[in-house]
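The values are calculated or read from the model by the stated rules, or taken from the named source; none is laboratory data. All of these numbers come straight from a predicted model, not from anything done at the bench. For neighbour counting, all protein chains shown are included, and Cβ atoms are generated from backbone atoms with ideal geometry for every residue, glycine included.
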Amino acid sequence: MLLLVSVCLTAIIAARVTATASSSTMAACREISAAVPDRVWSSHLSKNYYSEVNSYWSTALRDAKPACLVLPQSAVEVAAAVKILNKYPDVQFAVKSGGHTPNERHSSIKDGVLISTRDLSGVTYDEETQIASVKPGGEWNDVIGPLGEQGVAIVGGRLGMLSPLPAWTGPRRGNVSNVGLLGLVGVGGYLLQGGISFLSAQYGLAADVSFAVAGNLSRH
């Protein structure tokens, strides 16, 4: 009896997830799932779906449940998902980085396709060129923390907890000592909207000192 009740509840919840999603949206989800195996979830009961939909800074956005969630692990997988979505012009989709924006449909989508770049996070630093290659997913604490261990500061997100950084000297930058925050702000949205930093008075917005490259990296 307990098993039967559990199965019935699961069916009811699953029905609610897909009840308002269009047939073309569900077709797009199925096609993306076939193109990017094991990277698409549509059930509220899945751990990845639940944690991603409920990790927005604004609690109001957590009510916007997507028809399916895509968690790509490479630029190739992102491209595959977007290529399929181009075949369905009536299907709404959004791309999520850190999920810090409070605005609807910027990084959330109800009954559409949500592409999260959560698994495309991190940074590498080239000491010779003094260029940091930053992946678009995750939060600024995924960037500032590792760079801080190398004595490097970056024009990045401000929201978070203080993280003292070792002194660092770079060309035309002077001495940067004990500055930087482990940022809860997402990488992608921050850069696309300009990016105000505690270092902006010296170096401008984050977008001023960034340039995009092919693949899944942006460079600082």
Taking the stretch 69-88 and keeping residues modelled with pLDDT of 95 or more and either more than 14 Å from residue 32 (Cα to Cα) or hydroxyl-bearing (Ser, Thr, Tyr) (or both) leaves 88
Considering the stretch 66-109, residues that are under 17 Å from residue 187 (Cα atoms) and among the polar types (S, T, N, Q), and then whichever is surrounded by the fewest Cβ atoms within 10 Å (Cβ to Cβ), we arrive at 103
* To do: Return yes when residue 169 is at pLDDT below 85 and in a strand (DSSP E or B) and no when it is not.
  => yes
Within the stretch 71-94, the residues that are within 15 Å of the chain's Cα centre (by Cα), among the aliphatic types (A, V, I, L, M) and within 11 Å of residue 112 (Cα to Cα) are 94
Within the stretch 47-64, residues being out of contact with any strand residue (DSSP E or B) (no Cβ under 6 Å at 6 or more places or on another chain), under 23 Å from residue 104 (Cβ atoms) and surrounded by fewer than 20 Cβ atoms within 10 Å (Cβ to Cβ) number 11
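Just checking, does the stretch 110-118 include any residue being without any contact (Cβ under 8 Å) to a residue 40 or more places away in the chain, assigned to a loop (DSSP other than H, G, I, E, B) and either among the hydrophobic types (A, V, I, L, M, F, W, C) or crowded, with 18+ Cβ neighbours inside 10 Å (or both)? Talk me through it step by step, then tell me what you get.
Step one: list which residues in the stretch 110-118 are without any contact (Cβ under 8 Å) to a residue 40 or more places away in the chain, which gives none.
Scanning the stretch 110-118 turns up no residue that is without any contact (Cβ under 8 Å) to a residue 40 or more places away in the chain, assigned to a loop (DSSP other than H, G, I, E, B) and either among the hydrophobic types (A, V, I, L, M, F, W, C) or crowded, with 18+ Cβ neighbours inside 10 Å (or both).
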Here the qualifying pairs (Cβ atoms under 8 Å; residues six or more apart or on different chains; first in the stretch 201-220 and assigned to a helix (DSSP H, G or I); second small (Gly, Ala, Ser) and at pLDDT below 85) come out as 202/174
Taking the stretch 193-220 and the residues there that are among the hydrophobic types (A, V, I, L, M, F, W, C) and modelled with pLDDT of 85 or more, the one that is surrounded by the most Cβ atoms within 10 Å (Cβ to Cβ) would be 206
Selection from the stretch 119-156 of residues over 16 Å from residue 71 (Cβ atoms) and part of a helix (DSSP H, G or I) yields 141, 143, 144, 145, 146, 147, 148, 149
